[in-house]
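*Asks:* Here it is: the structure, laid out below.
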Amino acid sequence: MASSHVESLLPVGELWVPAVCPCCASRTGGGTCPVCFWTDDGQGDADAEDVRGGPNGELSLTHARLNFAVYGASHPRYQDMVRPPRPDERP
């Protein structure tokens with residue numbers, strides 16, 4: 001397994017499962033999520049209200065989650081770039 005892949009997997013007992021996207025909760029393994037287009041920058045519930053800039057621009061995680069609930073993407077401009085989660089990625 002390549003090291004970049006290992007970083008996006010979490011141990012669960014004897015299995016390794018993909019990391020959960022903090023925006024849409026799909027198990028897509030980190031990086032830019034193909035389900036919501038949020039880029040995992042380490043932000044989580046503790047600082048979800050903060051706007052960090054960086055790859056997610058002017059979006060806080062809280063706002064991205066709201067956008068995902070309404071538009072199906074972390075930002076309305078990404079609606080044409082996302083896809084539904086595969087069965088193995090569903091929360």
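Taken together, the values in this text are just the output of simple stated rules run on the coordinates, not laboratory data. This is a predicted model, so every value here is computed, not measured.
*Asks:* Around residue 32, which amide H atoms from residues at least 5 apart in sequence, or from another chain, sit under 5 Å from its own amide H, with H modelled in the peptide plane?
*Replies:* Amide H to amide H, under 5 Å and 5 or more residues apart or across chains, residue 32 pairs with 40.
*Asks:* How large is ³J(HN,Hα) for each residue in region 28-43, as worked out from phi by the Karplus curve 6.51 cos²θ - 1.76 cosθ + 1.60 (θ = phi - 60°), to whole Hz, x for Gly and Pro?
*Replies:* 9, x, x, x, 8, 6, x, 8, 10, 6, 7, 9, 5, 10, x, 6
*Asks:* May I ask you to evaluate 6.51 cos²θ - 1.76 cosθ + 1.60, the Karplus curve with θ = phi - 60°, for each residue of region 50-64 and list the ³J(HN,Hα) values in order in whole Hz, giving x for glycine and proline?
*Replies:* Going residue by residue, I get 6, 9, 8, x, x, x, 9, x, 8, 9, 7, 4, 4, 5, 4 Hz, with x marking Gly and Pro.
*Asks:* Please give the contour-minus-distance gain from residue 80 to residue 49: 0.36 nm per residue of separation, less the Cα-Cα distance, rounded to one decimal in nm.
*Replies:* Full-extension gain reported as 8.6 nm.
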